[in-house]
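The structure appears right after this line, and notes come after that.
The values are calculated or read from the model by the stated rules, or taken from the named source; none is laboratory data. If you're wondering where the values come from, they're calculated on a predicted model, not measured in any experiment. Note that each Cβ is placed from the backbone with ideal geometry, even for glycine, and that neighbours are counted across all protein chains shown.
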Amino acid sequence: MKVISAGLSSGFADQLGVALAELGGGRVAPGVVVFHGAPAPVADAMADTSSSGVIEVSDEEDVAAVLDEARWGRATGAWFASVRSASCLDFDFPDIVAQGALGQLGIAEELGERRLQDISTALREILVNAAVHGNMELPSPEKTSEGLKAFHSSVNARASELPYAARRVRVTATLRPDAVTFAVIDEGPGYTPSSSDKSGDGYTGRGLDIVRALVGEMRVADGGRRTELSFRRRVEPRSRDTSPDSPAGDVVARLHGSVFDCPILIVDDEEILVEMTAFQLQDAGFKRIDTASNGSDAWAKINADNPDFVILDHSMPDMTGLDVIAKVREQEKTRELPVLLVSAHEDRAFRADALRAGATNVMTKPVDPDLLIHRTRQLLEKLLAVRQLRAYQRRVTVELRQAQRMQEELMPSHDAMAAVSEATGIQLSARFQMSSELGGDWWGLSDFGDGLFGLYMVDFSGHGVGPAINTFRLHTLMRDNPPPLDGPGGYLTRLNSRICSILPRGQYATMLYGIFDVAERRFTYAATGCPPIIFGKADGTILAAGETSGVPLGLSRKSTFEDRVIDIPEAGFMLLYSDALLECPSPGGDMLGDDGLMKLVQSILEVPGAEPPLDRLVDRFMARTRLPLDDDLTAVWLGL
Amino acid sequence: MEYTINEAGDAHEVMMQGTFGFADNVSVEQLVESLVDKRAGSVVLNLSSVEKIDSAGLGMIVLIKDEIEDSGGKFAVRGASGQVKKMLDISRFDQLMNVEG
């Protein structure tokens, strides 16, 4: 790499050199030149370096921006070059860009000389269009016939004037699992041809047709100021991954790569066989192949290099293939490593023994190369698929756990419940059981003091992530509109009109909000289609159901809700619950239903136990119900 | 691009060298002028020493052909290899003119 520092302070030029070297990890493409934009030094620089691959920099701020961009590019697997528009006409430039980019991205060998030439040819066409008029969608004039001479001279006149002359044209290359994409970006003002430019024969050049014939896909954007050329890589469709963003780490990177990137270890004491097998696999496209000549060497390499696949000969002097497999299967980190055992034994008994001992697959010598390649691919594809699923599962599990904790924090804590119990003398207990990691149930308390507290319970339709998000929506809404001391019906009416504008169509919630007056033993509440409130005497002698019908929240803006009242008997109780208690079926498919629940409550109360009644009720319910639950269960018990 | 012309009677072989592209307008005009002046009966463009060509270069080959044929001569290209051959193939030059190996 050559850094020309004309016009830059020497300290800054050094910095720039260091940064660029760092950037490429010592692999900055040859011919990349940096220079200051003053006309005389530029001309000298061009003469000095035959103007190949130029990063044009006009001031120190610009350099910083270029470097930022470059760092960004490296982090995401992209490479870039940037030129003064005029040097786009240089025949060498597309070669240097293509070579530099593919080298940086580590796929030069994979694509091979011929593809490199195609990329260079296509880039050349696009860069010429950029250099000539700044509209890459427009072909360059091909023939110097009369009509075109006018176009030519108008192009020339424009090209000799700022800002056309000093445009910056950037080329970036981005690696994806199935393709490498080059973007050519003209940072100039662009160019819209006038009708006179279009006249004349031969105007429709063949350049763009050539490009289309060479690339996998071509896209033009920004009025011809941006062109993207995608060149397909040799990747098997089945191992292709569509997500371009992958977390760091070698193994995770391998997840998104192809079977051809997986490291393979070939083990045989016969050198010629190792070489042949290695050659066959390389020829089939596998790029990371290592070899070992005996069992202990293989064992050491398996531990040191973590190969993804081992092709293992059975008959070796120090350790047999089966000995190696035994060690591999004993050790946690290698337990699932696919091992293909190759053996001269033809009998079925040996094959069965080998599979039982942990060989993933067994092949008999002499091995058919096509079959070996096929098996190798098959086993590696399976490995990659399992890895990918596991990584996905790990990520989702962690995220769901986090969300679950957040949702649990919405519910009243033990301390909050104990505080209300202590202040009012009411025994408060609650059970909460989600059917999956996240749920659509939610309940809460608000203590108004003076023996008054509010209690609400919500059940969003469905269960899982969607309804869980709705509980957060409602939580936010209720934080801004806190439950009032009285008028629960009016409160639900107001909440409903607001939530109608938030909830997507088809999603709704049942909700109950009430204010408990301890001195009066009176619960004043409103409800929107919840299961009936069960209340009565704690010895089970009197039991009744409180009316809770109403239009669920979120279904109609016009819904209004009325206040209702329950008077709890002395030494009484009240049970609020979500409909899971009524509707979750037993293994035989029976649901408890209103009557069943009432009977269950009665049987709990008639036989006093050491445990709180709610715990006994829910435990009995769980014992008769098919698990996991079909729906989220919430139950709150107030004992007077 | 640089060129030399080998003459044998009224047959002319134009030996082209280097890269052939957008910037070669002027030298192509000169070449056409001198061939037409010579009243060349047949012209072969020998491309074996051309390393690279772009679409503008292809367009200029067509221009040379048109000018030669308009003045009553015969035209062919010869010896393309590598990138140049691929470009001729993609653009189906075999259907436009006589392409020799």
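Values as computed for the structure displayed
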read-out: Filter result (more than 10 Å from chain A (Cβ to nearest Cβ) and of a type in the set (D, E, K, R)) within region B:49-66; value: B:65
read-out: Members of region A:450-494 found to be aromatic (Phe, Trp, Tyr) and buried (at least 19 other Cβ atoms within 10 Å of the Cβ), listed by number; value: A:453, A:456, A:460, A:491
read-out: Positions within region A:534-564 being aliphatic (A, V, I, L, M) and outside any loop (DSSP other than H, G, I, E, B), in sequence order; value: A:534, A:543, A:544, A:545, A:553
read-out: Residue satisfying condition, being farther than 23 Å from residue A:207 by Cβ, of a type in the set (A, V, I, L, M, F, W, C) and without any contact (Cβ under 8 Å) to a residue 60 or more places away in the chain, within set B:35, B:88, B:58, B:47; value: B:35
read-out: Qualifying residue in region A:359-366 (condition: outside any helix (DSSP H, G or I), under 38 Å from the mean Cα position of the chain (by Cα) and hydroxyl-bearing (Ser, Thr, Tyr)); value: yes
read-out: Test: residue in region A:411-427 that is in contact (Cβ under 8 Å) with a residue 12 or more places away in the chain and under 29 Å from the mean Cα position of the chain (by Cα); value: no
read-out: Candidate set: region B:53-73, residues that are assigned to a helix (DSSP H, G or I) and acidic (Asp, Glu); chosen: the one nearest to residue A:211 (Cα to Cα); value: B:66
read-out: Flag if residue A:436 is surrounded by fewer than 16 Cβ atoms within 10 Å (Cβ to Cβ), touching a Pro at 6+ places or on another chain (Cβ under 9 Å) and either free of Cβ contacts under 8 Å to residues at least 40 places away in the same chain or not in a strand (DSSP E or B) (or both); value: yes
read-out: Region B:1-32, subset in contact (Cβ under 8 Å) with a residue 24 or more places away in the chain, among the hydrophobic types (A, V, I, L, M, F, W, C) and not in a strand (DSSP E or B), residue surrounded by the fewest Cβ atoms within 10 Å (Cβ to Cβ); value: B:32
read-out: Test result for residue A:130, over 13 Å from residue A:173 (Cβ atoms) and more than 10 Å from every other protein chain (Cβ to nearest Cβ); value: yes
read-out: Every residue from region A:475-513 that is touching an Asp or Glu at 6+ places or on another chain (Cβ under 9 Å) and of a type in the set (Gly, Ala, Ser); value: A:487, A:489, A:490, A:509
read-out: Selected residue [over 23 Å from residue A:214 (Cβ atoms) and within 10 Å of chain A (Cβ to nearest Cβ)] from B:36, B:43, B:26; value: B:26
read-out: Of residues in region B:33-53 being more than 13 Å from residue B:72 (Cα to Cα) and over 13 Å from the mean Cα position of the chain (by Cα), the one surrounded by the most Cβ atoms within 10 Å (Cβ to Cβ); value: B:52
read-out: Counted residues, region A:277-304 - those being in a helix (DSSP H, G or I) and touching a residue at least 40 places away in the same chain (Cβ under 8 Å); value: 3
read-out: Filter result (out of contact with any strand residue (DSSP E or B) (no Cβ under 6 Å at 6 or more places or on another chain), farther than 28 Å from residue A:108 by Cα and either in a helix (DSSP H, G or I) or of a type outside the set (S, T, N, Q) (or both)) within region A:305-323; value: A:316, A:317, A:318, A:319, A:322, A:323
read-out: Selection count, region A:532-542, where residues are surrounded by fewer than 16 Cβ atoms within 10 Å (Cβ to Cβ) and either closer than 14 Å to residue A:637 by Cβ or touching a residue at least 24 places away in the same chain (Cβ under 8 Å) (or both); value: 2
read-out: Selection status of residue A:430, assigned by TED's automatic domain parsing to the domain that holds residue A:314, more than 25 Å from residue A:285 (Cα to Cα) and buried (at least 16 other Cβ atoms within 10 Å of the Cβ); value: no
read-out: Complete set of residues in region A:390-403 that are touching a residue at least 24 places away in the same chain (Cβ under 8 Å) and either touching a Leu at 6+ places or on another chain (Cβ under 6 Å) or of a type in the set (A, V, I, L, M) (or both); value: A:391, A:400, A:403
read-out: Any hit, region B:69-80, residues being away from every other protein chain (no Cβ under 13 Å), exposed (fewer than 14 other Cβ atoms within 10 Å of the Cβ) and closer than 19 Å to residue A:91 by Cβ; value: no
read-out: Residue in region A:497-509 that is assigned by TED's automatic domain parsing to the domain that holds residue A:629, surrounded by 15 or more Cβ atoms within 10 Å (Cβ to Cβ), of a type in the set (A, V, I, L, M, F, W, C) and part of a strand (DSSP E or B) present; value: yes
